[in-house]
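Following: one structure in structure tokens, then a few remarks.
The values are calculated or read from the model by the stated rules, or taken from the named source; none is laboratory data. Computed from a predicted structure; not experimentally measured. Please note: Cβ atoms are built from the backbone with ideal geometry, for glycine as well, and neighbour counts cover all protein chains shown.
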Protein chains: 2
Amino acid sequence: MKNDSMHREKTDPREMLKNLGMNVTGKIEKVENPEITLPIRTLSNVFFDEQNKLIKLGDKISKRTYMNVAHTRKFMQTLLVAAECKKIIDQNVSTSIRDLYYALKRTIPDTNENTFEDQNESDPVLEDLEAALNTLREKLHLQADRKGYMAGNILINDTGDEIDCSKMGSSGWAIPSNAEPDVIKLSKCDAKFVLVIEKDAVWQRLNEDKFWRKHNCLILTGKGQPARGTRRLINRLHKELKLPVYVLTDADAWGFYIYSVIKQGSINLSFLSDRLGTPEAKFIGITTQDVQKFDIPKNVTIKLNEGDKKRTNEMLNYVWFKPKEWQQELKHMLQVGYKLELEALSAKGIKFISETYLPQKIASKDFLP
Amino acid sequence: MKNDSMHREKTDPREMLKNLGMNVTGKIEKVENPEITLPIRTLSNVFFDEQNKLIKLGDKISKRTYMNVAHTRKFMQTLLVAAECKKIIDQNVSTSIRDLYYALKRTIPDTNENTFEDQNESDPVLEDLEAALNTLREKLHLQADRKGYMAGNILINDTGDEIDCSKMGSSGWAIPSNAEPDVIKLSKCDAKFVLVIEKDAVWQRLNEDKFWRKHNCLILTGKGQPARGTRRLINRLHKELKLPVYVLTDADAWGFYIYSVIKQGSINLSFLSDRLGTPEAKFIGITTQDVQKFDIPKNVTIKLNEGDKKRTNEMLNYVWFKPKEWQQELKHMLQVGYKLELEALSAKGIKFISETYLPQKIASKDFLP
């Protein structure tokens, strides 16, 4: 496959962009119809890779050509984005996807046509390019959103600055949007596992109790669905430092979905699953089965609404929720008819989560797969 | 005024909470109707303090009594929240407002009544208590949301950890939810001013160019409307370190509103304006008048919609937008019929903002008041 062989040839994004441009200009010089080969990124070309346990992009490709009037606009946009990315890399700066849009938006001379009408046109083109070059936008010097924090016994080197994540006070280290190895180096780590926490408030609670010191771990929050940089960091902590990863979310469809994205990636970014997913991650909690196990008062549970029930029924059919432990939990949730949030553990006392719940779960290896 | 004299007597939140409880139990022991005095927090009791240039809470008070059936539920809730806050302070831990709700939610024995139905009931009670005690939730050991970042030549001491904000790599120092002096100490600062930036992407752009080093300043972003901790930090940087504060937002109603909240506080949290507002802050940009001044291409401006026009017309009447420079800008915006985002400056090149726009604005003191 042409696309694949290109990947093997070159992995430097600048070279790959140059290559893409040379292919197009080469065709034009030969008065041929220039084309760009792109992987198809729709559901029809996404599959669950049973061996690697990751959501992967299939090998269906499409060609975007200049001389097809249905493609011309997108062809132009793809080249504009590619050229701007190369320019940004050449200048050795980085920018946001919103800036990219603004830098490229203009009226084409002697027409009423704009290059891009709004950012909804430039964002998918960028994802196409990431997929086509098999690279990350971070490697194209484009910043994704960021919002995660981490604390624990690890030294990070960020663009030359050495940061000790065990000395970051109440706020922790802010995980940057770009957590690629050329920017973020994992210098030295004494921690034995990573605890990924859905909610920042719970992270702050655990940081205040210095949970990471007592249990010699890293505590990390993505503040909801983790941004790309946070998922990449989790992936690297596991791959490079061999740290087990335990995920702590609400016991609801959204929490379980966050876990599944951390573990096997997402459909939307399926071409990045091997860099953003961590298939060996385990689910530490909370579950609806914890209510009985830990004697959590029933009145802090939340009744499932119709949307919750529908979602939970859908999840029963997802291939990554097929393991019997997950089937059991999802069916239990439907049976008892409630969900619960991490904060519900506070009903057992403010320190219950750090002094009882988590230590007990970890000691007994009471995880879902 | 009873409420005011209580403030003067005690400023330790624990003592104030104890006081509140003692007043109630004292009344009960005397078989009198217990009551709690609270400031009224609606628009009718909010005014713009011309002298201090802050939105302030007036002196109207209301009494919440136990023996009034319309008050009984709220009276109970107020005491529950107050008692839980005292407990949290006594344990020397802190928690989130969501945790607070969960810790207090229960069914009252032998009834079908819950103490709180949802968090929308406990949040306003907490704000009542903050206003009544003239304190911050942070002082009650409750965390607000957090999302800001800062970089520059300043040493911060956070709960014993010394953090050098000039050595925080690409991500900067994460501003914590609680930026009160007992947690965050401003140890040493060489910077000469503070640049507050609405958008994180622009902050990252400036951090990458090490703008703060070249211009010896602190760069700070609130990622949209700054959280309370970020506003408190801006307030302290100005008050304690005498640093001028310049605010950089989009040229639109939302950006101008963000500036106004940083400067004179908000109606909702009017009782905190003197701790969260920075009346001496100046607006550095961007403005619709910058389009001509800096030759920004027209096609990166965004046409005002009906909502924008309505909002801008409203703002013309706000007392804090009465200075002639603001009247001129708001009228100009309506006249040209467009708004623009910070990223629009990228149309002039990726480094235009850091190398031309900001240095020129600062050198010529081209600020709005």
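Among the residues here, residue A:230 does not qualify as in contact with a Phe, Trp or Tyr (Cβ under 6 Å, 6 or more places away or on another chain) and either modelled with pLDDT of 95 or more or away from chain B (no Cβ under 12 Å) (or both). The set of residues in segment B:238-250 being surrounded by fewer than 24 Cβ atoms within 10 Å (Cβ to Cβ) and not hydroxyl-bearing (Ser, Thr, Tyr) consists of B:238, B:239, B:240, B:241, B:242, B:243, B:244, B:245, B:250. When every residue of segment B:236-243 is checked against the conditions, at least one turns out to be in contact with a Phe, Trp or Tyr (Cβ under 7 Å, 6 or more places away or on another chain) and at pLDDT 95 or above. Kindly evaluate residue B:99 against the criterion of being within 24 Å of the chain's Cα centre (by Cα), within 11 Å of chain A (Cβ to nearest Cβ) and without any contact (Cβ under 8 Å) to a residue 12 or more places away in the chain. Here the answer is yes, as residue B:99 does meet what is asked.
I'm trying to understand the selection: among the residues of segment B:234-251, which are of a type in the set (D, E, K, R) and either out of contact with any Leu (no Cβ under 6 Å at 6 or more places or on another chain) or not in a loop (DSSP other than H, G, I, E, B) (or both)? Step through it out loud before you land on a result.
Keep residues of segment B:234-251 that are of a type in the set (D, E, K, R), which gives B:236, B:239-240, B:242, B:250.
B:236, B:239, B:240, B:242 - these are the residues of segment B:234-251 that are of a type in the set (D, E, K, R) and either out of contact with any Leu (no Cβ under 6 Å at 6 or more places or on another chain) or not in a loop (DSSP other than H, G, I, E, B) (or both).
Being in the same structural domain as residue A:202 (by TED's automatic domain parsing) and within 24 Å of the chain's Cα centre (by Cα), is that true of even one residue in segment A:294-311? Break it down into steps so the answer makes sense when it comes.
Step one: list which residues in segment A:294-311 are in the same structural domain as residue A:202 (by TED's automatic domain parsing), which gives A:294-311.
Filter once more, keeping what is within 24 Å of the chain's Cα centre (by Cα): A:308, A:311.
For segment A:294-311, residues in the same structural domain as residue A:202 (by TED's automatic domain parsing) and within 24 Å of the chain's Cα centre (by Cα): present.
Answer yes or no: is there a residue in segment A:41-48 that is away from chain B (no Cβ under 14 Å), modelled with pLDDT of 90 or more and out of contact with any Gly (no Cβ under 9 Å at 6 or more places or on another chain). Full working, then the answer.
We begin by selecting, within segment A:41-48, every residue away from chain B (no Cβ under 14 Å); these are A:41-48.
Add one more test, that the residue is modelled with pLDDT of 90 or more, and what stays is A:45-48.
With out of contact with any Gly (no Cβ under 9 Å at 6 or more places or on another chain) added as a condition, the list becomes A:48.
Looking for residues that are away from chain B (no Cβ under 14 Å), modelled with pLDDT of 90 or more and out of contact with any Gly (no Cβ under 9 Å at 6 or more places or on another chain), one finds at least one in segment A:41-48, hence yes.
Could you list, in sequence order, all residues of segment B:252-269 that are crowded, with 23+ Cβ neighbours inside 10 Å and among the aliphatic types (A, V, I, L, M)? B:262 - this is the single residue of segment B:252-269 that is crowded, with 23+ Cβ neighbours inside 10 Å and among the aliphatic types (A, V, I, L, M).
Taking each residue of segment A:130-147 that is within 16 Å of residue A:39 (Cα to Cα) and looking for partners that are at pLDDT below 85 and not in a loop (DSSP other than H, G, I, E, B) with beta-carbon atoms closer than 6 Å, six or more apart or interchain, yields A:134/A:7.
Being closer than 30 Å to residue B:146 by Cα and touching a residue at least 60 places away in the same chain (Cβ under 8 Å) narrows it down to one of B:93, B:46, B:81, so name that one.
Values: B:93 fails: touching a residue at least 60 places away in the same chain (Cβ under 8 Å); B:81 fails: touching a residue at least 60 places away in the same chain (Cβ under 8 Å).
So the residue among B:93, B:46, B:81 that is closer than 30 Å to residue B:146 by Cα and touching a residue at least 60 places away in the same chain (Cβ under 8 Å) is B:46.
Taking residue B:168 as meeting all but one of (1) at pLDDT 95 or above; (2) more than 8 Å from chain A (Cβ to nearest Cβ); (3) buried (at least 23 other Cβ atoms within 10 Å of the Cβ), write down the number of the exception. Failing condition for residue B:168: (2). Scan segment A:127-153 for residues that are closer than 25 Å to residue A:17 by Cβ, within 14 Å of another protein chain (Cβ to nearest Cβ) and crowded, with 21+ Cβ neighbours inside 10 Å and the total you get is 7.
In segment B:66-78, of all residues being closer than 20 Å to residue B:126 by Cβ and in contact with a Phe, Trp or Tyr (Cβ under 9 Å, 6 or more places away or on another chain), the one that is surrounded by the fewest Cβ atoms within 10 Å (Cβ to Cβ) corresponds to B:72.
Determine which member of the set A:325, A:355, A:343 is over 29 Å from residue B:142 (Cβ atoms) and in the same structural domain as residue A:253 (by TED's automatic domain parsing).
A:325
Starting from residues that are touching a residue at least 24 places away in the same chain (Cβ under 8 Å) and surrounded by 15 or more Cβ atoms within 10 Å (Cβ to Cβ), keep the ones in segment A:22-43 and report whichever is nearest to residue A:273 (Cα to Cα). Show your work before the answer.
First, the residues of segment A:22-43 that are touching a residue at least 24 places away in the same chain (Cβ under 8 Å): A:24, A:33-39, A:41, A:43.
With surrounded by 15 or more Cβ atoms within 10 Å (Cβ to Cβ) added as a condition, the list becomes A:24, A:34-39, A:41.
Details: A:24: 29, A:34: 30, A:35: 27, A:36: 23, A:37: 21, A:38: 17, A:39: 15, A:41: 13 Å.
Step by step, filter segment A:22-43, then rank; the result is A:41.
Checking the stated criteria, residue B:130 turns out to be assigned to a helix (DSSP H, G or I), modelled with pLDDT under 95, more than 30 Å from residue B:365 (Cα to Cα) and outside the structural domain of residue B:247 (by TED's automatic domain parsing).
Residues in segment A:192-203: is at least one at pLDDT 95 or above, on the phi > 0 side of the Ramachandran plot and away from chain B (no Cβ under 13 Å)? No, because not a single residue in segment A:192-203 is at pLDDT 95 or above, on the phi > 0 side of the Ramachandran plot and away from chain B (no Cβ under 13 Å).
Scanning segment B:354-369 for residues that are farther than 14 Å from residue B:247 by Cα and aliphatic (A, V, I, L, M) gives a single hit, B:363.
Tally up the residues in segment A:350-369 that are more than 23 Å from the chain's Cα centre (by Cα) and either among the β-branched types (Val, Ile, Thr) or surrounded by 14 or more Cβ atoms within 10 Å (Cβ to Cβ) (or both), please. Please lay out each step first, then the result.
Restricting attention to segment A:350-369, the residues satisfying the condition of being more than 23 Å from the chain's Cα centre (by Cα) are A:350-366.
Going one step further and asking which of them are either among the β-branched types (Val, Ile, Thr) or surrounded by 14 or more Cβ atoms within 10 Å (Cβ to Cβ) (or both), we end up with A:350-359, A:361-362, A:366.
Looking only at that region, the number is 13.
Here is a yes/no grid of residues against (1) among the charged types (D, E, K, R); (2) more than 27 Å from the chain's Cα centre (by Cα):
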| residue | (1), (2) |
| --- | --- |
| A:49 | yes, no |
| A:65 | no, yes |
| A:87 | yes, no |
| A:95 | no, no |
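With the structure loaded, tell me whether residue B:115 is more than 8 Å from chain A (Cβ to nearest Cβ), buried (at least 16 other Cβ atoms within 10 Å of the Cβ), of a type in the set (S, T, N, Q) and touching a strand residue (DSSP E or B) at 6+ places or on another chain (Cβ under 6 Å) or whether it fails that test. No: the conditions fail for residue B:115. All conditions but one from (1) within 20 Å of residue A:17 (Cα to Cα); (2) within 24 Å of the chain's Cα centre (by Cα) apply to residue A:58; the one that does not is (1).
Considering segment A:154-165 alone, what residues qualify as being farther than 23 Å from residue B:159 by Cβ and more than 7 Å from every other protein chain (Cβ to nearest Cβ)? Step through it out loud before you land on a result.
From segment A:154-165, those farther than 23 Å from residue B:159 by Cβ are A:157, A:159-160; that's our starting set.
Result: A:157, A:160.
Just one of the listed residues (B:330, B:340, B:272, B:304) is touching a Ser or Thr at 6+ places or on another chain (Cβ under 6 Å), at pLDDT below 95 and surrounded by 15 or more Cβ atoms within 10 Å (Cβ to Cβ), namely B:340.
One line per residue, one yes/no per condition, for (1) among the aliphatic types (A, V, I, L, M); (2) assigned by TED's automatic domain parsing to the domain that holds residue B:317; (3) modelled with pLDDT under 90:
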| site | (1), (2), (3) |
| --- | --- |
| B:58 | no, no, no |
| B:61 | yes, no, no |
| B:77 | no, no, no |
| B:98 | no, no, yes |
| B:101 | no, no, no |
| B:116 | no, no, no |
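Restricting attention to segment B:160-176, the residues that are under 17 Å from residue A:210 (Cβ atoms) and touching a residue at least 40 places away in the same chain (Cβ under 8 Å) add up to 1. Residues of segment B:275-293 that are of a type outside the set (D, E, K, R) and surrounded by fewer than 17 Cβ atoms within 10 Å (Cβ to Cβ): B:292 alone.
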